[in-house]
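**Student:** Submitted below is the structure of interest, expressed as structure tokens.
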Amino acid sequence: MSEIVSKKRKIWFSLLTFLILILLAGAVYLNSLLRIMTGYAAKNLCSGVFIAGREPAEFESTDLNFFPISYTKNKVNYSDSSVTSSFLWRRSRAIDLGEFGSILVNRSVEKGLRDKDFPTLEGPGYDQDSINWPLGNIIPDSLTGIDREVLASISDELINKNSYGGNAFAFMVLHKGIPAAEAYKPQFCENSLFLSWSMAKSVTNALIGVLAGQGKIDIYDKADIDEWKDDERKNITINDIMQMQSGLRWNEDYGNRSDVTVMLTCKNDMAQFAYNQPLEFTPGTHFEYSSGMANVLTYLIRKCLNNDSLYYSFPYTGLFHRIGITDAVFEIDPSGTFVGSSYLYAKLRDYARFALLYQQDGVFNGERILPEGWVDYTRRPASASGGEYGSLFWLNGKEELPSAPTDTYMCVGHDGQRIFIVPSKELIVVVLGYSPKGSMDFDKLLTDVIGTIEEESN
């Protein structure tokens, strides 16, 4: 009898232990989800309020109005430029550092960042309102070859009536380098700053290009990462990283707890988190889109320049100010590295200017910014991408744009940020806003815009 009782006790003890372990594992997993959830809300609301100047209620009703983020409780503190977001027992806090953006912090990180002696970023040295487009804001009225009245109708359908789906905040068209259409929702204007999301990757392409033109980076060299030197990752080149063919394990699922959501909401050093991933494939043989790799690139830029004052000024002096981008904010992570995957704030016209740099083969306002051949390299399909990806730019693999010209290439950002460059039509189209995946018909929009281009008579 005692043996039976003893066996029952062991069974019950085992079951209880198993149940406790399940509950503990569930609690740990739930806590990590809550951290991602509140971190996303705090970081993005902080940037939206203190960088973009948006009203908290308006931002929450659009950019944060989706499950489960909409259930967070958010508090904006204007006295110390911070946002706290909470749900159940989990709280996340973000602070704004002015020129260096908004950053998720804990107590020790916050003190270090607030005490850090960041350099003062110098201005561009010119007044945009007094000089001509594209460097300035005086736009010529000499545009020909495109029906501006029909474009205005398309703008109205897109911005005011949401006829193409989604929720576009801002829209711009350049034809032959000259603005042909520009439109904003009422709460935005030409001075508004908009989040790039993954369009920042394409900007990172340009920063690498500038350094390559200066002879400071060779993209076909092995990446200079100490943690890779004693294993097979040592064979990964900068080019492999830029083409998303590093071979490192990565999960880019924004709808769950994944590598990208953990990196953006839970990691103080985003590049380190990315380059510490294990190797799954031989470098250069497998395409895996990875926001982590873009942050590895901004880390490599930091390592190349080997001086934080130079590093923090480089995006501005090396690129932005040379192409008329004067008010952009390129955000850093808590370790001080630019978040090249996701976090650039810039004006609608700035994104159009950036595209113009590529449409003009790396030349802007008569000055060569990117080395000869760089744009061709950018548009060359990565070998394992199935023709859909170049170097930190998407190509027209026809999935999203079945009707568009085959030479179309684009900057693509989360929630519907798009820059389309169509060389054969001398056309640039920029769409910014909050349009979750699949909600906007970009193919129809681009087709309609192309339809406004007038055929040249012989």
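The values are calculated or read from the model by the stated rules, or taken from the named source; none is laboratory data. Note that the structure is predicted; figures quoted are calculated from it, not measured. Virtual Cβ from ideal backbone geometry, glycine too; neighbours counted across all protein chains shown.
**Student:** Are any residues in the range 332-386 closer than 30 Å to Phe50 by Cα and among the hydrophobic types (A, V, I, L, M, F, W, C), and if so, which ones?
**Tutor:** Result: Ile332, Phe338, Val339, Leu344, Ala346, Leu348, Ala352, Phe354, Ala355, Leu356, Leu357.
**Student:** Same structure, new question: Just to be sure, is Ser192 outside the structural domain of Gly101 (by TED's automatic domain parsing) and either assigned to a loop (DSSP other than H, G, I, E, B) or buried (at least 23 other Cβ atoms within 10 Å of the Cβ) (or both)?
**Tutor:** yes
**Student:** With Ser79, Ser85 as the choices, which residue is part of a strand (DSSP E or B) and either in contact (Cβ under 8 Å) with a residue 12 or more places away in the chain or surrounded by fewer than 19 Cβ atoms within 10 Å (Cβ to Cβ) (or both)?
**Tutor:** Ser85
**Student:** Right, next: Of all residues in the range 316-362, which are of a type in the set (Lys, Arg) and either not in a helix (DSSP H, G or I) or not assigned by TED's automatic domain parsing to the domain that holds Met244 (or both)? Give the derivation first.
**Tutor:** Of the residues in the range 316-362, the ones of a type in the set (Lys, Arg) are 322, 347, 349, 353.
Passing the criteria: only Lys347.
**Student:** Is it the case that the range 370-393 has a residue that's surrounded by fewer than 20 Cβ atoms within 10 Å (Cβ to Cβ), within 21 Å of the chain's Cα centre (by Cα) and on the phi > 0 side of the Ramachandran plot?
**Tutor:** no
**Student:** So, in the range 247-262, of the ones that are in a helix (DSSP H, G or I) and in contact with an Asp or Glu (Cβ under 9 Å, 6 or more places away or on another chain), which residue ends up surrounded by the fewest Cβ atoms within 10 Å (Cβ to Cβ)? Write out each step before concluding.
**Tutor:** First, pick out the residues of the range 247-262 that are in a helix (DSSP H, G or I): 259-262.
Now restrict to residues that are in contact with an Asp or Glu (Cβ under 9 Å, 6 or more places away or on another chain): 259-261.
Values: Asp259: 20, Val260: 23, Thr261: 23.
So, considering only residues that are in a helix (DSSP H, G or I) and in contact with an Asp or Glu (Cβ under 9 Å, 6 or more places away or on another chain), the one surrounded by the fewest Cβ atoms within 10 Å (Cβ to Cβ) is Asp259.
Quick grid of which residues meet (1) surrounded by fewer than 20 Cβ atoms within 10 Å (Cβ to Cβ); (2) touching a residue at least 24 places away in the same chain (Cβ under 8 Å); (3) on the phi < 0 side of the Ramachandran plot; (4) touching a Leu at 6+ places or on another chain (Cβ under 8 Å):
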{"residue": "Phe281", "(1), (2), (3), (4)": "yes, yes, yes, no"}
{"residue": "Thr298", "(1), (2), (3), (4)": "no, yes, yes, yes"}
{"residue": "Asp327", "(1), (2), (3), (4)": "yes, yes, yes, yes"}
{"residue": "Thr337", "(1), (2), (3), (4)": "no, yes, yes, no"}
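**Student:** Can you go through Gly292, Gly255 and tell me which one is in contact with a strand residue (DSSP E or B) (Cβ under 9 Å, 6 or more places away or on another chain) and farther than 23 Å from Tyr316 by Cβ?
**Tutor:** Being in contact with a strand residue (DSSP E or B) (Cβ under 9 Å, 6 or more places away or on another chain) and farther than 23 Å from Tyr316 by Cβ holds for just one of Gly292, Gly255, which is Gly292.
**Student:** If you don't mind, there's one more thing I want to ask. Count, please, the residues in the range 410-424 that happen to be in contact with a helix residue (DSSP H, G or I) (Cβ under 6 Å, 6 or more places away or on another chain) and either closer than 14 Å to Leu356 by Cβ or outside the structural domain of Arg349 (by TED's automatic domain parsing) (or both).
**Tutor:** Of the residues in the range 410-424, 4 are in contact with a helix residue (DSSP H, G or I) (Cβ under 6 Å, 6 or more places away or on another chain) and either closer than 14 Å to Leu356 by Cβ or outside the structural domain of Arg349 (by TED's automatic domain parsing) (or both).
**Student:** Scan (1) touching a strand residue (DSSP E or B) at 6+ places or on another chain (Cβ under 7 Å); (2) among the basic types (Lys, Arg); (3) within 30 Å of Lys216 (Cα to Cα) for the single condition Arg380 breaks and write down its number.
**Tutor:** Result: Arg380 passes all but (1).
**Student:** So, in the range 195-218, of the ones that are assigned to a loop (DSSP other than H, G, I, E, B) and in contact (Cβ under 8 Å) with a residue 24 or more places away in the chain, which residue ends up farthest from the chain's Cα centre (by Cα)?
**Tutor:** Checking each candidate, the answer is Lys216.
**Student:** When the range 204-246 is examined, which residues are found to be of a type in the set (Val, Ile, Thr), crowded, with 22+ Cβ neighbours inside 10 Å and in contact with a Gly (Cβ under 9 Å, 6 or more places away or on another chain)?
**Tutor:** Once the filter is applied, which keeps residues that are of a type in the set (Val, Ile, Thr), crowded, with 22+ Cβ neighbours inside 10 Å and in contact with a Gly (Cβ under 9 Å, 6 or more places away or on another chain), the range 204-246 yields Thr204, Val210, Ile236.
**Student:** List every residue pair whose Cβ atoms lie under 6 Å apart, where the two residues are 6 or more positions apart in sequence or sit on different chains, the first residue falls within the range 236-252 and is of a type in the set (Lys, Arg), and the second residue, located anywhere, is surrounded by fewer than 23 Cβ atoms within 10 Å (Cβ to Cβ).
**Tutor:** Arg249/Gln277; Arg249/Pro278; Arg249/Glu280
Conditions (1) polar (S, T, N, Q); (2) part of a strand (DSSP E or B); (3) farther than 28 Å from Gly209 by Cβ; (4) at pLDDT below 95, marked per residue:
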| position | (1), (2), (3), (4) |
| --- | --- |
| Thr378 | yes, no, no, no |
| Ser383 | yes, no, no, no |
| Lys398 | no, no, no, yes |
| Phe420 | no, yes, no, no |
| Leu432 | no, yes, no, no |
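**Student:** Filter the range 306-320 for residues that are closer than 21 Å to Glu227 by Cβ and in contact (Cβ under 8 Å) with a residue 60 or more places away in the chain and give the result. Please lay out each step first, then the result.
**Tutor:** Restricting attention to the range 306-320, the residues satisfying the condition of being closer than 21 Å to Glu227 by Cβ are 306, 308, 311.
Within the range 306-320, Asp308 is the sole residue that qualifies.
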